[in-house]
Amino acid sequence: MENQSIYNVDKLEFRQIVLGHIKRILEISSHELRDNTYTTNHVNYSQTTFQEDTRNSYTQSIENLAYVLMPYFDKDMQEIYDKCIAVINAFGYELRLDILKEEYEKICEDVGEEKTRNFFVIQMKLKYAKKLFIALNMLLKRNDYLKSAVYGEDKDELVSGDDEEDGAE
């Protein structure tokens, strides 16, 4: 019997995994999404320190959350996923400018032609990752996923104000 209680403590529920993943996405997004690599110039040499690009971490974590929740997708979620993942997974040279022509022209105008392509790819991946994250959260809401996680495993555990008054008599 002792062994059973030890194993039950370590057992993770699918809900805990999903909520932990959402928490991690929110932690990443609470900081500025940017490339944290920097170069320090010394008298005789330059030193480049490579650090995490939080834009990529954010996009990848949302992509992985979608993979985890994929078996639970409904028709609406699948349509949004298909549109977003095509942009998120595309290599820079694969991102079709004809599909995103309006956004590309706007960024060219705002940023300038010389910096546009790489900047555009990063911004579009972030934009579509955010759209996907919103859709994933809406999917969880449609399935009352978070409600049961917050209020308990069994919906019968919810206590209403009327029950408390009856017990006080």
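Bear in mind these aren't lab numbers, they're just calculated from the coordinates by the rules spelled out. In this text, all values refer to a predicted model and were calculated from it rather than measured experimentally. Methodologically, a virtual Cβ is constructed for each residue, glycine included, from the backbone with ideal geometry; neighbour enumeration extends over all protein chains shown.
Odds and ends about this structure:
- Protection proxy ranking of 85-92, 71-78 - average other beta-carbon atoms within 10 Å, highest first: 85-92, 71-78
- Taking the average, over residues, of other Cβ atoms within 10 Å as the packing measure, peptides 53-62, 23-32 rank 53-62, 23-32 from highest down.
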